[in-house]
Amino acid sequence: AIAQRVESDIKHPVVVPEVSAEWRVNSAKLVGGAPSAWEIIYAPGEGQGFIRVSQGLKADPGWASRELPTGKPGEVMTLGGVEWQSYTFADPSKSGNISYALSTVAGTDHVLVFGSSPEKIMQETATALAPQIDNLKEAAK
């Protein structure tokens, strides 16, 4: 419901991954700035950390690096047909408890999936976003 209101307000699609009904949404909001970003924070379950999905709207190429300043680029992987850059963090306590991140370009936007949840859960979340990422890419053509 929040995502639909945001899309209507900004006249731009926002990503919302299909997740387990057991997951709790801690926050879903449009964050102002340059660029503004759509952000959802999930708690996947007891002892599973958190996952943040952040969509930089019309984000420049350096946006992901600014959002993840202590992230070290890791392997590039294809999840759901979408190419994602992974990031690792040497000391999560100095990076907002972020231990892993994934980043991809989606048309004029940039999408991040990051947090302290196990890598497998974050990769599954990124995979679930693939159809929406493809739609954003198509819309930008």
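Some values worked out for this structure:
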| item | result |
| --- | --- |
| Region 1-80, accessible area per residue, ligands and nucleic acids excluded (1.4 Å, Å²) | 59 Å² |
| Pairs of lysines in the chain (C-alpha under 19 Å apart; 8 or more residues apart or interchain) | 9 |
| Sequence of I51, I10, I41 when ordered by accessible area, the most exposed leading, probe 1.4 angstrom | I10, I41, I51 |
| Accessible area of K137 in the full protein assembly, 1.4 Å probe (Å², nearest 10) | 70 Å² |
| Environment charge of T88, counting only residues whose C-beta is closer than 12 Å and scoring Lys/Arg +1, Asp/Glu -1 | -2 |
| Nonlocal amide H pairs with W23, under 5 Å, H built at 1.01 Å | none |
| FRET E, pair R5, A34, Förster distance 22 Å, beta-carbon r, rounded to 0.05 | 0.50 |
| Derived scalar couplings ³J(HN,Hα) [region 25-31; Karplus, 6.51 cos²θ - 1.76 cosθ + 1.60; whole Hz; x for Gly, Pro] | 8, 7, 7, 8, 7, 8, 9 |
| Fully extended contour minus Cα-Cα distance, from I41 to V25, at 0.36 nm per residue | 5.2 nm |
| Inter-site label distance for T78 and D134 at 7 Å from Cα along Cβ, in nm | 1.3 nm |
| Percentage relative contact order, the chain, counting C-alpha pairs under 8 Å, at least six apart | 21 percent |
| Dipole magnitude of the chain about its Cα centre (Cβ charges: Lys, Arg +1; Asp, Glu -1), debye to nearest 20 | 340 debye |
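The values are calculated or read from the model by the stated rules, or taken from the named source; none is laboratory data. Everything numeric here is computed off the predicted structure, so don't read it as measured data. FYI the Cβ positions are ideal-geometry reconstructions off the backbone, even for glycines, and counts take in every protein chain you see. For the accessible areas, the whole protein counts, side chains as well, though only heavy atoms, and no ligand, DNA or RNA atoms are used. Shrake-Rupley method; radii C 1.70, N 1.55, O 1.52, S 1.80 Å.
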